[in-house]
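**Student:** Have a look at the structure that comes next, please.
The values are calculated or read from the model by the stated rules, or taken from the named source; none is laboratory data. Computed from a predicted structure; not experimentally measured. With ideal geometry, Cβ positions are generated from the backbone for all residues, glycine too; neighbour counts draw on all protein chains shown. Heads up: the accessible areas ignore ligands, DNA and RNA and are worked out on the full protein's heavy atoms, side chains in. Shrake-Rupley method; radii C 1.70, N 1.55, O 1.52, S 1.80 Å.
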Amino acid sequence: MRTAKQISRRTVLRGLGTAIALPWLEAMSSLPALATPAGAAGAGKAAPLRMAFFYVPNGAHMADWTPKEVGTDFTFPYILEPVAAFKDDLLVVSGLAQKNGFALGDGGGDHARALSTFLTGCHPVKTDGANIRAGVSVDQIAAIKVGGQTRFPSLELGIDRGAQSGNCDSGYSCAYSSNISWRTESTPMAKEVNPRLVFDRLFTSQNATGSAASRARRAFYKKSILDYVSEDAATLKGRLGISDQRKVEEYLTAVREIERRVDTASNQTSGDLPQFARPAGVPRDFQEHVRLMCDLMVLAFQGDVTRISTFMFANEGSNRSYPFIDVPEGHHDLSHHGGDAKKHEKIKKINHLHVSQFAYVLGKLKAIKEGEGTLLDNSMIVYGSGISDGNRHNHDDLPILVAGKGGGSLQTGRHFKVAHNTPLNNLYLSLLDRMGAPVDQFGDSTGRVEGL
């Protein structure tokens, strides 16, 4: 059932200090596509492609990451077991390298180089001063090309804030260890770690003062942002078919649930757990913090508030401990395992935990219907690290996953092994093509990855 009136893709529900974008609806389907991926199946549909990059620090225990079989008939090793349910939506990619992560005469600093090169493909200038320089990251290349079609060109998220100056790794600035996204060669895009601030950015007016004032008023009257758009929402639903009404209701319910969780996090007392000051709105529980931030990213994609995002589970070289999975030791310390089997087991647990959180995101994306497919079908989500084995600090044979079908342009459900030392940047060129943001060269790229 479809209304006779078409709805603009840019329609938002408005209220006092509030602007809530809408998910993709059937009533929008007759409008031209806002971003058609080059050569992608389903070109011309209204649902756009999304691109995201998830980063984990300190590499992985590769023996329990890499499937033994190549092709479609493979078994997920222990670390990847949490995403086994999404096999048909995944590419496990082996053989990729980021050679500019190696020293190349600069000595120590592999953690800083691992992160700063992961999305830029450029060897960073070794400095702990103001003259930092890396390269424009792949997410920002896409944001420059297609970001103008959404409210926010990109969304940078993470769990640990991180310093932006000083020496954090063998003479490399802390900016290199804390930032994955770079707008220019010398301008990193600082990530947001506070879910309250992300929520307000996504669902309230772009005026900061207005946002703070409307938040204070909501707190005084104990109202949700949805209370301020209820009249607008009711009017809109009257113009929609049954299927679209259900989609809008499901989306607004998800917004309210996340608002509730953000409020809960904001009201938490510091207790005895944190050993550092936390901004209001940051959950004390690591997994809840990750999932809340991921839910915000999913809502931003669903409402087409942005199509490009990055997410850091921790800063590179992080020594976070995970006592709730019986790993009280620091992650970085364990990554220097020296072949110790007991340390291997604990690294595997940390890797498994991170992949479990990634599986949560995939489940959320797959549960959202969009046209004839799902939000995951219309996404390309890269997960990985700029280090392979944390003990060796090597930047070849990197642990990389690609999730989502790229609008039908990716042949998922495979362990895809490329020639050893194939530049990771070749993969990025291939993804940029599909985003409708092609470039001829990126970092040390030698061409596209064939057979994706």
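**Student:** Kindly provide the set of residues from the range 154-190 that are under 19 Å from Val136 (Cβ atoms), without any contact (Cβ under 8 Å) to a residue 40 or more places away in the chain and out of contact with any strand residue (DSSP E or B) (no Cβ under 8 Å at 6 or more places or on another chain), ordered by number.
**Tutor:** Of everything in the range 154-190, just one residue is under 19 Å from Val136 (Cβ atoms), without any contact (Cβ under 8 Å) to a residue 40 or more places away in the chain and out of contact with any strand residue (DSSP E or B) (no Cβ under 8 Å at 6 or more places or on another chain), namely Thr187.
**Student:** Only one of Leu401, Leu376 is under 15 Å from the mean Cα position of the chain (by Cα) and assigned to a strand (DSSP E or B); which?
**Tutor:** Within the list Leu401, Leu376, the selection yields Leu401.
**Student:** Please go through the range 58-76 and give me each residue that is open to solvent by less than 20 Å² (accessible area, probe 1.4 Å) and touching a helix residue (DSSP H, G or I) at 6+ places or on another chain (Cβ under 7 Å), ordered by number.
**Tutor:** Answer for the range 58-76, where residues must be open to solvent by less than 20 Å² (accessible area, probe 1.4 Å) and touching a helix residue (DSSP H, G or I) at 6+ places or on another chain (Cβ under 7 Å): Asn58, Gly59, Ala60, Trp65.
**Student:** Check Gly162 against each of (1) part of a loop (DSSP other than H, G, I, E, B); (2) crowded, with 19+ Cβ neighbours inside 10 Å; (3) under 15 Å from the mean Cα position of the chain (by Cα); (4) not acidic (Asp, Glu) and name the one condition it does not meet.
**Tutor:** Just one mismatch for Gly162, condition (3).
**Student:** Answer with yes or no whether Glu288 is surrounded by fewer than 17 Cβ atoms within 10 Å (Cβ to Cβ), at pLDDT 85 or above, over 19 Å from the mean Cα position of the chain (by Cα) and of a type outside the set (S, T, N, Q).
**Tutor:** The answer is no for Glu288.
**Student:** Something else: With respect to Gly281, is the statement that it is loosely packed, with under 13 Cβ neighbours inside 10 Å and at pLDDT below 95 true?
**Tutor:** For Gly281, the condition - loosely packed, with under 13 Cβ neighbours inside 10 Å and at pLDDT below 95 - is not met.
**Student:** Name every residue in the range 132-153 that is surrounded by fewer than 23 Cβ atoms within 10 Å (Cβ to Cβ) and outside any helix (DSSP H, G or I), in order of residue number.
**Tutor:** Arg133, Gly135, Val136, Arg151, Phe152, Pro153
**Student:** Quick one: count up the residues across the range 257-270 that are part of a helix (DSSP H, G or I) and at pLDDT below 85.
**Tutor:** So the count comes out to 4.
**Student:** Can you pull out the residues in the range 417-445 that are open to solvent by 30 Å² or more (accessible area, probe 1.4 Å), closer than 27 Å to Lys68 by Cα and polar (S, T, N, Q)?
**Tutor:** Answer for the range 417-445, where residues must be open to solvent by 30 Å² or more (accessible area, probe 1.4 Å), closer than 27 Å to Lys68 by Cα and polar (S, T, N, Q): just Asn421.
**Student:** Further question: So which pairs qualify, if the first residue must be in the range 408-430 and farther than 10 Å from Gly447 by Cβ, the second must be in a helix (DSSP H, G or I), the Cβ gap must be under 6 Å, and the two must be at least 6 apart or on different chains?
**Tutor:** So the pair list comes out as Ser409/Arg434; Thr412/Asp89; Gly413/Lys87; Gly413/Asp88; Tyr428/Val138.
**Student:** Tell me the residue from Lys346, Lys364, Lys342 that is crowded, with 18+ Cβ neighbours inside 10 Å, without any contact (Cβ under 8 Å) to a residue 60 or more places away in the chain and either of a type outside the set (Asp, Glu) or within 27 Å of Val298 (Cα to Cα) (or both), please.
**Tutor:** Lys346
**Student:** Next up: Quick check on Leu157: is it part of a helix (DSSP H, G or I) and either open to solvent by 30 Å² or more (accessible area, probe 1.4 Å) or among the hydrophobic types (A, V, I, L, M, F, W, C) (or both)?
**Tutor:** Here the answer is no, as Leu157 does not meet what is asked.
**Student:** Suppose the filter is open to solvent by less than 40 Å² (accessible area, probe 1.4 Å) and without any contact (Cβ under 8 Å) to a residue 12 or more places away in the chain; does Thr306 pass it?
**Tutor:** Here the answer is no, as Thr306 does not meet what is asked.
**Student:** Hey, among the residues in the range 77-131 that are among the charged types (D, E, K, R) and assigned to a helix (DSSP H, G or I), which one's surrounded by the most Cβ atoms within 10 Å (Cβ to Cβ)?
**Tutor:** Arg113
**Student:** Now for a different question. Please verify whether the range 167-180 includes one or more residues that are open to solvent by less than 50 Å² (accessible area, probe 1.4 Å), in contact with a Cys (Cβ under 6 Å, 6 or more places away or on another chain) and modelled with pLDDT of 95 or more.
**Tutor:** Yes - at least one qualifying residue is present in the range 167-180.
**Student:** Kindly indicate the residue of the range 45-57 that is among the aromatic types (Phe, Trp, Tyr) and farther than 18 Å from Ile347 by Cα and also surrounded by the fewest Cβ atoms within 10 Å (Cβ to Cβ) among those meeting that condition.
**Tutor:** Only one residue tops the list, namely Phe53.
**Student:** Every residue in the range 322-338 that is open to solvent by 50 Å² or more (accessible area, probe 1.4 Å) and not in a helix (DSSP H, G or I), please.
**Tutor:** Within the range 322-338, Asp326, Pro328, Glu329, His336, Gly338 meet the criteria.
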